[in-house]
1. Give the number of residues within region B:147-167 that are surrounded by fewer than 17 Cβ atoms within 10 Å (Cβ to Cβ) and either within 14 Å of chain A (Cβ to nearest Cβ) or hydrophobic (A, V, I, L, M, F, W, C) (or both).
2. Give the number of residues within region A:168-179 that are open to solvent by 20 Å² or more (accessible area, probe 1.4 Å) and under 16 Å from the mean Cα position of the chain (by Cα).
3. Going through region A:107-122 one residue at a time, which ones are basic (Lys, Arg) and open to solvent by 20 Å² or more (accessible area, probe 1.4 Å)?
4. Residues of region B:76-118 being among the hydroxyl-bearing types (Ser, Thr, Tyr) and either over 28 Å from B:Leu166 (Cβ atoms) or more than 10 Å from chain A (Cβ to nearest Cβ) (or both), which ones?
5. Could you please let me know if A:Pro6 is in a loop (DSSP other than H, G, I, E, B) and either of a type in the set (Phe, Trp, Tyr) or open to solvent by 40 Å² or more (accessible area, probe 1.4 Å) (or both)?
6. Could you grab me the full set of residues in region A:119-135 that are away from every other protein chain (no Cβ under 14 Å) and aliphatic (A, V, I, L, M)?
7. Just to be sure, is B:Glu67 assigned by TED's automatic domain parsing to the domain that holds B:Lys111, at pLDDT 95 or above, open to solvent by 20 Å² or more (accessible area, probe 1.4 Å) and more than 13 Å from the chain's Cα centre (by Cα)?
Number of protein chains: 2
Amino acid sequence: MSKPIPVGISARHVHVTREHLDILFGKGYQLTVKKDLSQPGQFASEEQVDLVTEKGAFKKVRILGPERKQTQVEIALTDALKLGIKPPVRDSGDVKGSPGLTIVGPKGEIKLAEGVIAACRHIHMTPADAAEYGVKDKDIVKARCDGERGLIFDNVLIRVSDKFKLECHLDTDEGNAAKIGTGGTIELIK
Amino acid sequence: MSKPIPVGISARHVHVTREHLDILFGKGYQLTVKKDLSQPGQFASEEQVDLVTEKGAFKKVRILGPERKQTQVEIALTDALKLGIKPPVRDSGDVKGSPGLTIVGPKGEIKLAEGVIAACRHIHMTPADAAEYGVKDKDIVKARCDGERGLIFDNVLIRVSDKFKLECHLDTDEGNAAKIGTGGTIELIK
């Protein structure tokens with residue numbers, strides 16, 4: 001059995017560009033760090049926005065910083081049903097052809113034409129971790145969760161960078177289906 | 001590979017006793033069949049209620065008929081987070097020690113002391129099906145879902161009765177984690 005990998009559950013969240021932050025919060029506005037995330041340099045900000053479609057809305061959805069080159073909304077498929085949209089399951093950054101929605105901030109709103117995805121489950125790791133597990137960037141592996149709702153996830157993407165920290169990211173649907181939360185661990189299976 | 005088993009996704013719903021139906025909808029009120037469910041005799045009713053806790057609420061949650069000996073609320077763990085309660089993962093009917101909530105109907109409300117569970121994933125089948133799959137009532141098996149979010153569920157309960165029809169019941173978290181919907185199929189693995 002390989003070394004257990006810590007799990008991080010991603011709730012719905014938003015990444016924003018500098019330009020969109022100007023519109024949502026005002027020209028030159030800077031995100032405030034509320035809490036550092038496990039991946040180095042990434043943080044949950046104090047800032048929250050509303051996500052709105054014709055069918056529904058989520059209030060107070062957190063922006064994760066720092067700013068990115070592309071605005072992206074990551075939601076669970078349970079969330080998608082409430083909003084009446086069908087986001088594809090994608091790796092972060094791959095938003096082509098995905099649905100949009102309206103992001104509402106205190107100073108303005110963005111009608112996003114595309115950018116809403118359900119994140120593809122993935123494992124962040126360093127090159128040293130990759131060597132230890134015998135995998136490489138973009139490999140697809142399985143991940144086993146034990147317990148009352150134990151299961152084995154197929155199609156788990158490996159992402160390797162010396163900027164990463166070892167962690168398996170699942171969304172809330174996946175975490176709840178497996179009854180595993182942040183702080184739990186999974187086992188990587190090749 | 002064994003014969004594929006149809007999947008049914010259960011959204012949050014409520015089962016009610018005769019006594020509670022009297023309180024929620026009025027003395028002697030009869031549930032109206034909106035749609036027959038796949039399990040013989042079971043139906044989605046036209047009647048809906050609100051589920052309310054101190055932390056949140058869900059409006060218009062459907063009652064499934066017919067009436068039962070015990071009122072029971074089945075929700076996904078994603079729903080539970082919104083309501084601020086922690087339902088156990090249980091087989092239907094096993095509600096001892098589970099949390100409660102308030103059920104609000106058009107004529108009255110019920111303050112349920114216990115009865116809220118997250119359903120344990122399970123496969124309904126007839127004795128003939130059980131013989132074909134080589135399993136028996138209360139066995140625990142695995143279920144494989146293929147596709148983009150393919151996975152293998154562990155701890156899937158077998159329920160055998162000549163009143164059942166072959167079907168694997170998952171909740172919305174499980175369906176979304178596997179990206180499988182009603183009409184999809186799973187493979188039983190022993």
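1. Counting residues in region B:147-167 that are surrounded by fewer than 17 Cβ atoms within 10 Å (Cβ to Cβ) and either within 14 Å of chain A (Cβ to nearest Cβ) or hydrophobic (A, V, I, L, M, F, W, C) (or both) gives 3.
2. Start the filter on region A:168-179 by keeping residues that are open to solvent by 20 Å² or more (accessible area, probe 1.4 Å), which leaves A:169, A:172, A:176, A:179.
Pick out the ones that are also under 16 Å from the mean Cα position of the chain (by Cα) and you get A:169, A:172, A:176.
Qualifying residue count for the region: 3.
3. Initially, region A:107-122 is screened for residues basic (Lys, Arg), giving A:107, A:111, A:121.
Residues satisfying the conditions are A:Lys107, A:Lys111.
4. Initially, region B:76-118 is screened for residues among the hydroxyl-bearing types (Ser, Thr, Tyr), giving B:78, B:92, B:98, B:102.
Result: B:Ser92, B:Ser98, B:Thr102.
5. On the way: in a loop (DSSP other than H, G, I, E, B): no; either of a type in the set (Phe, Trp, Tyr) or open to solvent by 40 Å² or more (accessible area, probe 1.4 Å) (or both): yes.
Taking the combined requirement at face value, the residue does not satisfy it.
6. Going residue by residue through region A:119-135, those that are away from every other protein chain (no Cβ under 14 Å) are A:123-135.
Answer for region A:119-135, where residues must be away from every other protein chain (no Cβ under 14 Å) and aliphatic (A, V, I, L, M): A:Ile123, A:Met125, A:Ala128, A:Ala130, A:Ala131, A:Val135.
7. Yes: the conditions hold for B:Glu67.
The values are calculated or read from the model by the stated rules, or taken from the named source; none is laboratory data. As the structure is a computational prediction, the values presented were derived from the model and not from experiment. Don't worry about glycine lacking a Cβ; one is built from the backbone with ideal geometry, like all the others, and counts go over all protein chains shown. What goes into the accessible areas is simple: the full protein's heavy atoms, side chains included, and nothing from ligands, DNA or RNA. Shrake-Rupley method; radii C 1.70, N 1.55, O 1.52, S 1.80 Å.
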